[in-house]
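Colleague: Here it is, the structure in full.
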Amino acid sequence: MTDNASLPFELSTESLGAWINSLSALPAANAANQLNLVLKQLTRSNGTAANVLPILVNLTPLTLHLSNGLTNAARSETDIATNTKALKIAKLAIQLLRHLSLAFCRTVETKQLDTSLTQQAIFYALQLVGYCLRSTALFYEMPSTTLWKKSGLLYTIAGELQLLKKPVSSKPQEFKLQSTIEAVIKRNVLFALSKPNQYSTTEISQLFQLANRHQDRLEISKTPNPDCGFIWNLGSEPSPIPRTNSTLPRGSVYINCLGLGHALQLGEIETELNSNMQTKLALHLTGYSNIFASVAIGPPMPAHLLEGFVAVSAHLQGEEKLSKIMNLSSQLSRGRSLARDMSLVPLEHEKSFYKPLNASIISFPEHGTNLSLLRNVSKQFLVAESPAPNCSTGDIGLLCREQQPAKLVIVRQQTLYEDVTLILLEPIIGNITIHDIENAGDSNSQKAIVIGMETAQPEVLLANGKYTVGSKIKLLYGNTLYLKACVESTPWLVRFKAGVDL
């Protein structure tokens, strides 16, 4: 544990005030670094929680101010992923909020506080988690699993103490739009479900304001409800319910966004979002119900879905191997020194399993799910039906059809309709290449699926893991990718905008 004597002030508001005044003479970055060191110490402080809590409350306005200033400074720079100074500033802006929220959480975990102080600590911790989520999104980093786990713990404690709906008073102006712990939870959940990393920084700020002002339209409950298309299992980020027939963890929170989604569709609430963005968000929050409802009566088209990052990666790598064999075979058959019957051909098991991504499909892979494609009005999404699909919402898949090129897709939503499951699939547009990651072992999960390697804005799909903006992925026998912006993160995969180092 940290010795409180190592702090630059005593655990009293008078001593803290003098130290805060001393920071005012420092440049903002230096003051932020000093504050960050103190906050890290307070996350491990062995001081009495009742003595530490007022210190954290008084540090909150300064933390919000410095983090906001650093955020604005870093955002003014271009291509943060390659700008070492800007990247450090961005990470410091996030760390200030993260460490202070964790320090508040620690005071709750000690179980030393009375009910009133516990309520205050939980409220402040969750407010800071929300602003940390906002800052994380503004810099296109992956959301923090730790903060979502801590949020789940705090939510559980607040529920047990019957504090979720009890009014809380707070001083920071940023916290005034929510007056209960439940309201802050709803704000944080709604912001996460809006998938902010897919938007511009201006739009991310607009989404946070939307969540700030209209979180009350969200419905959350521990009781399953057919209208609840989203879930928070209290151990990770909220997400769409993964499968229509899945067993969810005990204690999970069911989330109903239909009221807000319909209000956005009808223009019942005033927002800063442009019409296209508002339509896109409403479609997502309503579980793409408009698209499912648009399915037209007609003969279904047989198809097959190969699910999961490992299976898709293995299949794509097999296709690439087969393609190279075919190309080499073609070259050798034209060579003057070789007889015509000496061209290379794939082995029998390779013929039967691998189907070139850009060639006609002759038969479906052995593994995966047989399904039927249905006609719908959307140009962006495909709708399929299956009595018992094996795919999870948010996972990757390879869609195969007879006499059609295979399509790389992401499962976006699933819903029950009578005795079948309707599945919404979003095709990934662009040239797809599969690469081994250097020094990553032999596992198929250690692959990189690159979209548009030859374009000015390539993207990379990676198996779910921990990645940061600015880090590099060395491809075996190829280029090095540097990660510029996380645009999507699910329990199964991560999608980054990337740059290519030749």
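Colleague: Residues being out of contact with any strand residue (DSSP E or B) (no Cβ under 8 Å at 6 or more places or on another chain), in a helix (DSSP H, G or I) and not hydrophobic (A, V, I, L, M, F, W, C): count how many of those fall in the stretch 148-202.
Modeller: Number of matching residues: 13.
Colleague: Can I ask one more? From the list 285, 248, which residue is under 26 Å from residue 145 (Cα atoms), open to solvent by less than 10 Å² (accessible area, probe 1.4 Å) and not polar (S, T, N, Q)?
Modeller: 285
Colleague: Since residue 17 meets every condition but one in (1) part of a helix (DSSP H, G or I); (2) touching a strand residue (DSSP E or B) at 6+ places or on another chain (Cβ under 9 Å); (3) over 30 Å from residue 481 (Cα atoms), which condition does it not meet?
Modeller: (2)
Okay, residues lined up against (1) modelled with pLDDT of 95 or more; (2) charged (D, E, K, R); (3) surrounded by fewer than 13 Cβ atoms within 10 Å (Cβ to Cβ); (4) in contact with a Gly (Cβ under 9 Å, 6 or more places away or on another chain):
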{"position": "424", "(1), (2), (3), (4)": "yes, no, no, yes"}
{"position": "428", "(1), (2), (3), (4)": "yes, no, no, no"}
{"position": "440", "(1), (2), (3), (4)": "no, no, no, no"}
{"position": "443", "(1), (2), (3), (4)": "no, no, yes, no"}
{"position": "447", "(1), (2), (3), (4)": "no, yes, no, no"}
{"position": "451", "(1), (2), (3), (4)": "yes, no, no, yes"}
{"position": "454", "(1), (2), (3), (4)": "no, yes, yes, no"}
{"position": "466", "(1), (2), (3), (4)": "no, yes, yes, no"}
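Colleague: Right, another one. Out of contact with any strand residue (DSSP E or B) (no Cβ under 8 Å at 6 or more places or on another chain) and either over 21 Å from residue 421 (Cβ atoms) or acidic (Asp, Glu) (or both): does that describe residue 274?
Modeller: Yes: the conditions hold for residue 274.
Colleague: Here is a follow-up. Just one of 268, 307 is surrounded by fewer than 15 Cβ atoms within 10 Å (Cβ to Cβ) and touching a His at 6+ places or on another chain (Cβ under 9 Å); which is it?
Modeller: Exactly one residue qualifies, and that residue is 268.
Colleague: For the stretch 367-410, give me the residue count where each residue is open to solvent by 20 Å² or more (accessible area, probe 1.4 Å), in a strand (DSSP E or B) and among the hydrophobic types (A, V, I, L, M, F, W, C).
Modeller: Residues that pass the stated criteria total 2.
Colleague: Out of the residues in the stretch 203-234 that are open to solvent by 50 Å² or more (accessible area, probe 1.4 Å) and part of a loop (DSSP other than H, G, I, E, B), state the one that is farthest from residue 497 (Cα to Cα).
Modeller: This residue is 223.
Colleague: Right, another one. Which one of these is closer than 26 Å to residue 494 by Cβ, polar (S, T, N, Q) and in contact with a strand residue (DSSP E or B) (Cβ under 9 Å, 6 or more places away or on another chain): 71, 82, 78?
Modeller: Unique residue meeting the criteria: 82.
Colleague: Right, something else. Which residues, taken from the stretch 471-483, are crowded, with 16+ Cβ neighbours inside 10 Å and in contact with a Phe, Trp or Tyr (Cβ under 7 Å, 6 or more places away or on another chain)?
Modeller: Once the filter is applied, which keeps residues that are crowded, with 16+ Cβ neighbours inside 10 Å and in contact with a Phe, Trp or Tyr (Cβ under 7 Å, 6 or more places away or on another chain), the stretch 471-483 yields only 483.
The values are calculated or read from the model by the stated rules, or taken from the named source; none is laboratory data. Since we're looking at a predicted model, the values are computed, not measured. With ideal geometry, Cβ positions are generated from the backbone for all residues, glycine too; neighbour counts draw on all protein chains shown. Calculation scope for accessible area: heavy atoms of the full protein, side chains included, ligands and nucleic acids excluded. Shrake-Rupley method; radii C 1.70, N 1.55, O 1.52, S 1.80 Å.
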